[in-house]
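Colleague: First the structure, which I've put down as structure tokens, then a few questions once you've had a look.
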Amino acid sequence: MTNIAILGFGVVGGGVADVIATNNETIARKTGEHINIKYILDLREFPDHPLGGRVVHDMNIILSDPEVTVVAEMMGGAHPAYDYTRAALEAGKHVVTSNKEVVATFGAELLRIAKEHHVRYLFEASVGGGIPVIRPMSSCLAANELSEVDGILNGTTNYILTQMIRAGKSFEEALAEAQEKGYAERNPAADVEGTDACRKICILAALAFGRLYAPSSVHTEGITAVTAQNVADAEALGGVIKLIGRAGRVHADDPDSDVFLLVSPHVIMHENPLSCVDDVFNAILVRGNAVGDVMFYGRGAGNLPTASAVVADIIDILTHKDAEIFVPDWESAASAPADHTALPYAFLCRVQTDAPYDEVTTAVRHIYPDAEFLTVADAFDGTAAFVTPTTTEADLRAALAPIGTLTSALRVMP
């Protein structure tokens with residue numbers, strides 16, 4: 001029997017307890033032993049829960065108990081989750097977690113500490129919820145030189161955008177519906193402003209390229225500025241808008257190339273498999289030089305899917321007890337990622353001016369002779385929507401500044 005401690009008995013922590021209770025016999029057949037939840041650390045009491053008697057409020061009880069070999073951290077937030085994780089690793093206990101903020105901010109340091117103390121720090125649940133992606137990237141794709149990772153990494157924003165696309169709802173209406181259904185928090189800022197997706201793409205970039213960039217160094221745009229007109233423009237172009245996290249080498253074939261990271265709404269053309277990922281589902285597309293493109297798809301959040309990944313990490317520890325421990329060696333990036341404004345893109349633009357429509361189109365075509373204007377129905381004084389040829393954001397903004405106000409510029413991903 002393996003004794004574990006759960007830190008944080010909220011949605012995911014409770015889900016871990018449920019998965020273990022439901023599947024403990026199956027786990028025992030696979031690993032040769034049962035999992036016993038010896039402690040639950042939480043500020044609250046749970047007198048009506050079957051495990052309520054195992055609740056403690058002092059982390060030192062767990063740290064000082066040699067029978068506890070695995071700690072499952074699902075507290076959320078950076079502190080005290082980071083402090084408890086570090087203490088557990090230094091005490092010689094394995095740690096598994098779903099805490100993307102801690103992994104994205106302190107992952108390089110915690111992996112180093114785990115290596116020094118001959119234990120493991122696993123975080124499959126921190127990126128895709130129940131979608132297995134971290135272990136496949138680390139092992140199944142190990143024969144590849146990875147050049148890019150693109151993903152729909154937040155189920156809340158994907159649900160909101162799906163409602164805007166399918167039902168013609170405004171951002172505000174779709175957000176309210178997401179909150180009513182429990183897909184969005186009362187304070188949805190981390191989701192709709194892109195913070196959650198940013199942390200996840202930082203983790204994926206570290207897996208792919210061995211360097212952990214600070215989330216604060218990554219250009220991050222959410223979906224709060226996406227309008228119904230943007231949705232209609234994307235549809236006219238033959239695509240849909242998705243919030244995409246991207247990480248890749250600036251020069252895909254050069255393993256020494258600088259790495260870029262970016263989170264922003266993109267227009268995804270219908271030929272791209274990411275365009276079909278709707279509602280609360282997530283998808284992560286990984287590009288390797290041998291395998292080509294591989295996509296991981298599924299529910300990116302929820303108590304049981306996320307708990308499934310947490311328990312899978314515990315099982316991984318149980319089944320490799322006698323194996324030499326391998327811990328990934330990430331380095332903390334000493335500098336920011338490559339300048340996102342220098343990345344090549346076509347842009348779906350909307351410009352507002354005081355000039356007649358014909359003058360706007362003439363001025364745009366003078367700069368971009370191959371620009372594609374979307375629809376004549378939009379041909380009235382003051383605004384125009386068009387797609388540029390491949391350029392960079394820096395050049396785009398400089399080129400269009402004399403014409404008028406660039407009210408939106410969405411990156412187009414073929």
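Colleague: Considering only segment 185-194, how many residues are crowded, with 21+ Cβ neighbours inside 10 Å and out of contact with any strand residue (DSSP E or B) (no Cβ under 7 Å at 6 or more places or on another chain)?
Modeller: Adding up the residues that qualify gives 2.
Colleague: Can you work out which of the residues in segment 142-184 that are of a type in the set (D, E, K, R) and part of a helix (DSSP H, G or I) is least open to solvent (accessible area, probe 1.4 Å)? Working first, answer last.
Modeller: Taking segment 142-184 first, the residues of a type in the set (D, E, K, R) are 145, 148, 150, 166, 169, 172-173, 177, 180-181.
Going one step further and asking which of them are part of a helix (DSSP H, G or I), we end up with 166, 172-173, 177, 180.
Values: ARG166: 157, GLU172: 123, GLU173: 108, GLU177: 35, GLU180: 155 Å².
The residue in question is GLU177.
Colleague: Follow-up. Look through SER257, SER275 and report the one residue that is over 30 Å from GLY10 (Cβ atoms) and modelled with pLDDT of 95 or more.
Modeller: Working: SER257 fails: modelled with pLDDT of 95 or more.
Matching residue, one of SER257, SER275: SER275.
Each row is one residue, and each column tells you yes or no for (1) of a type in the set (Ser, Thr, Tyr); (2) within 30 Å of ASN23 (Cα to Cα); (3) touching a residue at least 24 places away in the same chain (Cβ under 8 Å).
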position: GLY248; (1), (2), (3): no, no, yes
position: HIS251; (1), (2), (3): no, no, no
position: HIS270; (1), (2), (3): no, no, yes
position: ASP293; (1), (2), (3): no, no, no
position: GLY298; (1), (2), (3): no, yes, yes
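Colleague: Going through segment 242-275 one residue at a time, which ones are touching a His at 6+ places or on another chain (Cβ under 9 Å) and in a loop (DSSP other than H, G, I, E, B)?
Modeller: SER257, ASP258
Colleague: Check off (1) open to solvent by 70 Å² or more (accessible area, probe 1.4 Å); (2) among the acidic types (Asp, Glu); (3) assigned to a loop (DSSP other than H, G, I, E, B) for ASP278 and give me the number that stays unchecked.
Modeller: (1)
Colleague: Suppose we filter segment 78-129 for residues that are surrounded by fewer than 21 Cβ atoms within 10 Å (Cβ to Cβ), small (Gly, Ala, Ser) and outside any helix (DSSP H, G or I); how many remain?
Modeller: Residues flagged as surrounded by fewer than 21 Cβ atoms within 10 Å (Cβ to Cβ), small (Gly, Ala, Ser) and outside any helix (DSSP H, G or I) within segment 78-129 amount to 3.
Colleague: Could you say whether any residue in segment 61-69 is open to solvent by less than 10 Å² (accessible area, probe 1.4 Å), at pLDDT 95 or above, β-branched (Val, Ile, Thr) and touching a Leu at 6+ places or on another chain (Cβ under 7 Å)?
Modeller: yes
Colleague: Which residues, counting only those in segment 192-214, are under 17 Å from GLY288 (Cβ atoms) and in a helix (DSSP H, G or I)?
Modeller: LEU204, ALA205, ALA206, LEU207, ALA208, PHE209
Colleague: Checking the condition among the charged types (D, E, K, R) and part of a loop (DSSP other than H, G, I, E, B), which residue from ASP358, ASP316, ASP329 passes? Write out each step before concluding.
Modeller: Details: ASP358 fails: part of a loop (DSSP other than H, G, I, E, B); ASP316 fails: part of a loop (DSSP other than H, G, I, E, B).
Only one candidate passes the filter, namely ASP329.
Colleague: Please work out which residue is least open to solvent (accessible area, probe 1.4 Å), limiting yourself to segment 367-396 and to residues that are assigned to a helix (DSSP H, G or I) and modelled with pLDDT under 95.
Modeller: ASP378
One line per residue, one yes/no per condition, for (1) farther than 30 Å from GLY14 by Cα; (2) surrounded by fewer than 15 Cβ atoms within 10 Å (Cβ to Cβ); (3) touching a Gly at 6+ places or on another chain (Cβ under 8 Å); (4) among the hydroxyl-bearing types (Ser, Thr, Tyr):
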position	(1), (2), (3), (4)
GLY300	no, no, yes, no
LEU304	no, no, yes, no
CYS349	yes, no, no, no
ASP354	yes, yes, yes, no
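Colleague: Assess whether ASP293 counts as being acidic (Asp, Glu), at pLDDT 95 or above, at negative phi and out of contact with any His (no Cβ under 7 Å at 6 or more places or on another chain). It would help to see each step written out before you state the result.
Modeller: Values: acidic (Asp, Glu): yes; at pLDDT 95 or above: yes; at negative phi: yes; out of contact with any His (no Cβ under 7 Å at 6 or more places or on another chain): yes.
Yes.
Colleague: Only residues in segment 1-18 that are closer than 9 Å to SER98 by Cβ count as the first member; pair them with residues that are of a type in the set (Gly, Ala, Ser) and open to solvent by 10 Å² or more (accessible area, probe 1.4 Å), Cβ under 6 angstrom, at least 6 apart or cross-chain, and list the lot.
Modeller: Here the result reads VAL12/SER98, each pair linking segment 1-18 to a residue that is of a type in the set (Gly, Ala, Ser) and open to solvent by 10 Å² or more (accessible area, probe 1.4 Å).
Colleague: Please determine whether any residue of segment 322-345 is touching a Lys or Arg at 6+ places or on another chain (Cβ under 6 Å) and within 20 Å of ASN230 (Cβ to Cβ).
Modeller: Yes, segment 322-345 contains at least one residue that is touching a Lys or Arg at 6+ places or on another chain (Cβ under 6 Å) and within 20 Å of ASN230 (Cβ to Cβ).
The values are calculated or read from the model by the stated rules, or taken from the named source; none is laboratory data. Since the model is a prediction, treat every value here as computed from it, not as a measurement. All Cβ positions, even for glycine, are placed from backbone atoms using ideal geometry, and neighbour counts span all protein chains on display. Protein only, heavy atoms only, side chains kept; ligands, DNA and RNA dropped before computing areas. Shrake-Rupley method; radii C 1.70, N 1.55, O 1.52, S 1.80 Å.
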